[in-house]
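Here is the structure we will look at.
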Amino acid sequence: MLEIIINNEQKIPVTINPLSPSGKPAKLDGAPTWTVQSGESTINVVSGGLSAELVSSDNPGDTMILVSADADLGAGVVEISDVIKLSVQGVLAANLGLIAGPPVPK
């Protein structure tokens, strides 16, 4: 599982880099799928599916994202998958943002 922490004003790119059991680059059959299993954050998948931007929700909390792909380059299907836990933290206020209204008679 990949665990990522960002705040609710950020997004983060994530890239798939498939490897064989010996650690060498490997190919996938077709585009991987990215699915939000739970939580409020969203995914912008880049063409081809090998990368995506994870976009934080406005509300703090965790989002679980499942990434799956077919590792069998032939007619069969051998699904491999991994999970991303995206934890979103709320940004703290930096100032009080005081605003004065227009003057009024006493």
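The values are calculated or read from the model by the stated rules, or taken from the named source; none is laboratory data. All figures in this text were calculated on a predicted structure; none of them were measured in a lab. Cβ coordinates were reconstructed from backbone atoms using ideal geometry, including for glycine residues, and neighbour counts include every protein chain displayed. Just the protein is used for accessible areas: all its heavy atoms, side chains included, with ligands, DNA and RNA removed. Shrake-Rupley method; radii C 1.70, N 1.55, O 1.52, S 1.80 Å.
Computing the accessible area with a 1.4 Å probe over protein heavy atoms, can you report the carbon and sulfur percentage for the chain?
Values: 4200 of 7470 Å².
Carbon plus sulfur share of accessible area: 56 percent.
P(r) of the chain in 5 Å steps, Cα pairs, percent per bin?
Spelled out per bin, shortest first, that is 2, 11, 18, 18, 13, 10, 7, 5, 4, 3, 3, 2, 2, 1, 1, 1, 0.
If I stretch the segment between Asp58 and Lys11 completely, what's the gain in nm (0.36 nm per residue apart, minus their alpha carbon distance), one decimal? All intermediate terms of the calculation are to be shown ahead of the outcome.
Working: separation 47, 0.36 × 47 = 16.92 nm, distance 1.12 nm.
That works out to 15.8 nm of additional length.
Taking only protein heavy atoms into account and a 1.4 Å probe, give the accessible area per residue of the chain in Å².
Values: 7470 Å² over 106 residues.
Computed with neighbouring chains in place, this is 71 Å² per residue.
Starting from 0.36 nm per residue, how many nanometres of slack lie between Val78 and Ser38 once their C-alpha separation is accounted for?
Details: separation 40, 0.36 × 40 = 14.40 nm, distance 2.45 nm.
Separation in residues times 0.36 nm, less the Cα-Cα distance, equals 12.0 nm.
Using a Förster distance of 22 angstrom, determine the FRET efficiency expected from the C-beta separation of Lys24 and Ser47, and round it to 0.05.
Details: r = 25 Å, r/R0 = 1.14.
About 0.30, to the nearest 0.05.
What distance in nm separates the two pseudo spin-label positions at Ser87 and Ile4, each 7 Å out from Cα along the beta-carbon direction?
Placing both labels 7 Å along Cα→Cβ, they lie 1.5 nm apart.
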